[in-house]
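To keep things clear, I will list the structure first and then write my remarks on it.
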Amino acid sequence: MSPDLIDSSLLDIGLALSQKKVSSVELTQMALARASANASLNAFISLDADASLAQARQADARIAKGEAGPLTGIPIAHKDIYTTRAFRSTAGSRMLLDYVSPFDATVVEKLGFGPLQSDGEGAGMVTLGKANCDEFAMGSSNENSYFGPVCNPWDEKAVPGGTSGGSAAIVAARIAPCATGTDTGGSIRQPAAFCGVTGVKPTYGRVSRYGMIAFASSLDQGGPIAKSAEDCALLLNAMAGFDERDSTSVERVSEDFTAAMALPLDGLVIGLPRQYFGQGVAPGVERAVRAALSEYEKLGARLVDIDLPHTELSIPAYYVIAPAEASSNLSRFDGVRYGHRSADFNDLASLYSRTRAEGFGWEVKRRILIGTYVLSRGYYDAYYLKAQRIRRLIANDFQRALGACDVIMAPVAPTVAWDIGEKSHDPVASYLADIFTLSVSLAGLPGLSIPCGFGEKARPVGLQLIGNYFSEAKLLGIAHQFQLATDWHQRAPKGRS
Ligand code: GLN
């Protein structure tokens, strides 16, 4: 990004492009230069200047013809869980080290140049590269990537959060103005919080999963990461929509996610779940979240206490359901069809086992073991079915709570970003850190993370906004009003060029 456009909104960058103050090729070159200047973050798995610049030229041609949309020509990084034809798609795994997909994910098509890479289709954004992520989107700190951990731009000793850690770090370091992420149990909201940027996990079914390499299909949902709620709304306008290639895509009339940006907050009732405050929440996190809530009161909102009594059960329920689905989804990686194949096998069984032993990392193997165990005969009822019942109770909790308030607010995570290596030998410790994001995913609800200050070690804190199904526009409006009154979302880590 050019120095003065680094901190600009997507609307302003779009304006600069349409007024020909800058070209997409120039913007892309500047973003590529920032990517290499910030290489120590390890935020990208793949960069390919020729591929990005070819797209930028296509965008410039569209702008020259007067056919540009608001996002045309703006660089975006895609989490490396989305398939792309122009870049390899690894899912952060050795299993897909050299895998080049024959098709683009729907999200990539919609944000880019459509199914045929043709003129006039898609939003015309330029793929800047593929963002580092935890292997198959399993993790909470981006330390499970085959390509190494990503560093937090605010403090390179800290994790950026996971699993869309590369995406969040890219936006925080102002390498690109926006990125895509995916959220199965918190992977957009938590890295957005840890890196001081804004992220949206839409209602399940809003954004097509086609071409999103599957982790847990009943939970996976794509969404945007950017500097502000307004930017996220613009991105969601381009990303969301029915897709017949995804059987769980929801068919609804298309919506303008910027529609509620100007709505005042007078009389807004904010529900504060008792279970999300107090014990276990770091004092610096609680302080920043409470200060944000006071800001909302000044804007005319009223705070009420609510109960989400099954919150604690979200961890065991999620860590049964997600691995169960993962074990099934990952069975396709067998060394026969595509991806890594062991060089060292003598029959079909050893082809399977050696390929999978070499291709998958420890966390992925752990999930496959848990998943196959809870789905096995004799344990299915005791674990998997019981977890599904808990999932229903959690969804019911939210419906009851949302009857008494307009929006739920809470911390995104109980702590700020931890140090790289701090939890990597204790998987359960990082599972516990997901406590405030998992239940929203289990219920399929939309959730937002917006920066609201700094906590321990001067690391960013995120405020989570949770609403009812398909209330993204309302949530984005509520977030936008906060961002009009505060400047947390405009803060960027110092000293990054
Ligand atoms: N931390 C959770 C997990 O490891 C969530 C990850 C995600 O949302 N993709 O499964």
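Key figures
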item	result
Those residues of segment 253-286 which are under 25 Å from the mean Cα position of the chain (by Cα) and either of a type in the set (Val, Ile, Thr) or more than 26 Å from Cys232 (Cα to Cα) (or both), in sequence order	Val253, Thr258, Ile270, Gln275, Phe277, Gly280, Val281, Ala282, Gly284, Val285
Filter result for Ala429 (of a type in the set (Gly, Ala, Ser), free of Cβ contacts under 8 Å to residues at least 24 places away in the same chain and within 16 Å of the ligand (Cβ to nearest atom))	yes
Any pair with Cβ under 8 angstrom, 6 or more apart, that starts in segment 202-224 at a residue that is among the acidic types (Asp, Glu) and ends at one that is assigned to a loop (DSSP other than H, G, I, E, B) and more than 12 Å from the ligand (Cβ to nearest atom)	Asp220/Arg209
Any hit, segment 121-129, residues being part of a strand (DSSP E or B), at pLDDT 95 or above and of a type in the set (S, T, N, Q)	yes
Residue satisfying all of: in segment 139-191; assigned to a loop (DSSP other than H, G, I, E, B) and of a type in the set (Lys, Arg); farthest from the ligand (Cβ to nearest atom) among these	Arg174
Qualifying position, being assigned to a loop (DSSP other than H, G, I, E, B), closer than 20 Å to Ser441 by Cα and in contact (Cβ under 8 Å) with a residue 24 or more places away in the chain, among Thr248, Thr258	Thr248
Residues of segment 26-73 classified as of a type outside the set (S, T, N, Q) and within 19 Å of the chain's Cα centre (by Cα), total	4
Restricting segment 195-219 to residues that are within 12 Å of the ligand (Cβ to nearest atom) and over 17 Å from Phe136 (Cα atoms), the residue that is surrounded by the most Cβ atoms within 10 Å (Cβ to Cβ)	Gly199
Given (1) within 16 Å of the ligand (Cβ to nearest atom); (2) of a type in the set (D, E, K, R); (3) out of contact with any helix residue (DSSP H, G or I) (no Cβ under 6 Å at 6 or more places or on another chain), index of the condition Lys130 fails	(1)
Single match in Gly271, Gly284, Gly280, Gly267 (criterion: over 30 Å from Ala91 (Cα atoms) and touching a Cys at 6+ places or on another chain (Cβ under 6 Å))	Gly271
Selected residue [in contact with a Phe, Trp or Tyr (Cβ under 9 Å, 6 or more places away or on another chain), touching a residue at least 12 places away in the same chain (Cβ under 8 Å) and of a type outside the set (Val, Ile, Thr)] from Glu109, Glu67	Glu109
So Gly300, is it touching a residue at least 12 places away in the same chain (Cβ under 8 Å), touching a Pro at 6+ places or on another chain (Cβ under 9 Å), within 30 Å of Tyr383 (Cβ to Cβ) and small (Gly, Ala, Ser)	no
When residues of segment 440-455 are limited to those that are away from the ligand (no atom under 13 Å from the Cβ) and over 23 Å from Gly284 (Cβ atoms), the one farthest from the chain's Cα centre (by Cα)	Ala443
The one condition in (1) within 16 Å of the ligand (Cβ to nearest atom); (2) charged (D, E, K, R); (3) in contact with a Leu (Cβ under 8 Å, 6 or more places away or on another chain) that Asp406 fails to fulfil	(1)
Residue that is within 16 Å of the ligand (Cβ to nearest atom), hydroxyl-bearing (Ser, Thr, Tyr), modelled with pLDDT of 95 or more and more than 17 Å from Leu219 (Cβ to Cβ), where the choices are Thr415, Thr437	Thr415
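Quick grid of which residues meet (1) in contact with a Pro (Cβ under 9 Å, 6 or more places away or on another chain); (2) surrounded by fewer than 24 Cβ atoms within 10 Å (Cβ to Cβ):
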site	(1), (2)
Glu135	no, no
Glu156	no, yes
Pro160	yes, no
Ala179	yes, no
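Condition check ((1) under 30 Å from Lys386 (Cβ atoms); (2) polar (S, T, N, Q); (3) modelled with pLDDT of 95 or more; (4) surrounded by 15 or more Cβ atoms within 10 Å (Cβ to Cβ)) across all residues:
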residue: Ala233; (1), (2), (3), (4): no, no, yes, yes
residue: Ala240; (1), (2), (3), (4): no, no, yes, yes
residue: Asp243; (1), (2), (3), (4): no, no, yes, yes
residue: Thr248; (1), (2), (3), (4): yes, yes, yes, no
residue: Gly267; (1), (2), (3), (4): no, no, yes, no
residue: Glu295; (1), (2), (3), (4): no, no, yes, yes
residue: Gly300; (1), (2), (3), (4): no, no, yes, no
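The values are calculated or read from the model by the stated rules, or taken from the named source; none is laboratory data. Model, not experiment: these values are computed from the prediction. Ideal geometry is used to build each Cβ from the backbone, glycine not excepted, and the neighbour counts take in all protein chains shown.
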